[in-house]
Amino acid sequence: MFSKILIANRGEISLRIIRACKELGVRTVAVFSNADKYASFVHLADESVCIGPSASSDSYLKMERIIAAAEITDAEAIHPGYGFLAENPEFAEICEACNIKFIGPSPQVIRLMGDKNNARITMSKIGVQVVPGSKDILKDEKEALKIAHEIGFPVIIKASAGGGGKGMRVAHTDIALSNAFFTAKAEAEKAFGNSDVYIEKYIDDPRHIEIQVLADEHNNVVHLGERECSIQRRHQKLIEESPSPIVTKEIREKMGKAAVSAAKSVNYTNAGTVEFIMDKDLNYYFIEMNTRVQVEHTITEEVTGLDIIKEQLKIASGEKLAFKQKDITFHGHSIECRINAEDPDKGFRPSPGKITKIHFPGGPGIRIDTFIYPDFLIPTFYDSLIAKLIVKAQNRKEAINRMIRALDEFYVDGVKTTISFLKMILKNGDFQKGNYSTKFIERIM
Ligand code: MV4
């Protein structure tokens, strides 16, 4: 195991990683921007290094400063968390070149999965179901039309460099498709400097279900079941749960096997997530693979009893997974609510500022992953996630009731939060029946 690592992140995930390190006896180095000088993760780390001004582009995204911080503190490895540099293949390469272990997959795998068209081709070749569509990048508008006529409208044009919803266009007719082709390309060129696009059949109103995988550096790969992530607004997830209310043991085993073969086929290492969309007939299709630890990894930890961050550290230090697929069992039901400093009454606009009062819920089955405390000033520079509230109970009904109870106890003053909005979702009849899709929030607003 490493004796010291650097955490190239901030907020709750930085603190989450520090906690795992403390329990493993690994010393920690936090990096922070000016705006985070008084943040709890800075003080809970064994050492901390200021890496620049508040803007992410001047601090958390500055590779050379992060590498320099690792070198002056003698950190052997870097955990990138999520966001910032977590899925940047150049950063993983630079770490490697500087003899610092990047806690994540290889630069080659990050680069492959970052290219959504190549990821799709790779999965299709090994027999993981992808959405019907193009075999490669679209050469021109004519090719898009030809494929659309084969698979039938509606179709979706996606940017190969995109992901997470950026650079996508849906089309229902020939004319709309020509438009979609050119606007998607222009948008992709502007956003990513790469105008490559591909086409898929548009699955209307799907569910978003993802499988967590762990892969060590000795060819052992396991899956940790699914997370249902359909409750989202404009590609920002609000609530996640595990297990999914619609996934049976049989479907879980099939999706799990698909995710494991996906990981094996690319020599994947460390923690990763295989994302699927599922249609109304429960057909599922690979859409993307995330090569980082995700915000919602917590609910998988709750139902499997594993610590995914500790597993990441063990894998990166060369250890073999201490368990096989048959040793992984699922217990009870877990739900996560993302508490954001946003004003739901004003279009979810960010509501940064000083936390004046705070009361956290407690009692059985409650976990809170947060970095906030009274008098902390939520900076304007970063995402608005201030806390993750995670519950675990025997079954889904009890988990929902426990979450409503915990949200009732949660009190924050000084900034607006999404707490009341989340409560409204949990009390919704369709949500309680498990009857929802990615269009749920749109429908209830
Ligand atoms: C789709 C789709 C329907 N059909 N692909 C959005 C984010 C990106 N990861 C893929 N996305 C979608 N791809 C086909 N062929 C619908 C979405 C989609 C979506 C997916 C997951 C979670 C939320 C979503 C919200 C809107 C659209």
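What to note about this one:
- Taking all protein chains into account, the per residue accessible area for the chain stands at 42 Å² (1.4 Å probe).
- Overall dimensions of the range 153-271 as given by Cα atoms, namely Rg and Dmax in Å: 17.2, 51
- Considering all different alpha carbon pairs of the chain, the Kirkwood hydrodynamic radius works out to 22.6 Å.
- Surface listing: 321, 282 arranged by accessible area from highest to lowest gives 282, 321, probe 1.4 Å.
- Between the range 368-416 and the range 119-178, the alpha-carbon center distance in angstrom: 38 Å
- Set of lysines near residue 397 by C-alpha distance (under 25 Å), chain-local residues within fewer than 8 positions excluded: 237, 249, 280, 388, 423, 427, 433, 439
- Sorted from longest to shortest, the spans of the Cα atoms of the range 132-201 along the three principal axes equal 30, 22, 21 Å.
- Accessible heavy-atom area order of 229, 98, 50, highest first, probe of 1.4 Å: 50, 98, 229
- Rounded percent of accessible protein surface that carbon and sulfur make up, the range 207-444, 1.4 Å probe: 48 percent
- The chain - percent relative contact order, Cα under 8 Å, separation 6 or more: 14 percent
- Heavy-atom accessible area for residue 351, with the other protein chains in place and a 1.4 Å probe, reaches approximately 20 Å².
The values are calculated or read from the model by the stated rules, or taken from the named source; none is laboratory data. These numbers were taken from a predicted model, which means no experiment stands behind them. Surface accessibility is based on the protein's heavy atoms, side chains included, excluding ligands, DNA and RNA. Shrake-Rupley method; radii C 1.70, N 1.55, O 1.52, S 1.80 Å.
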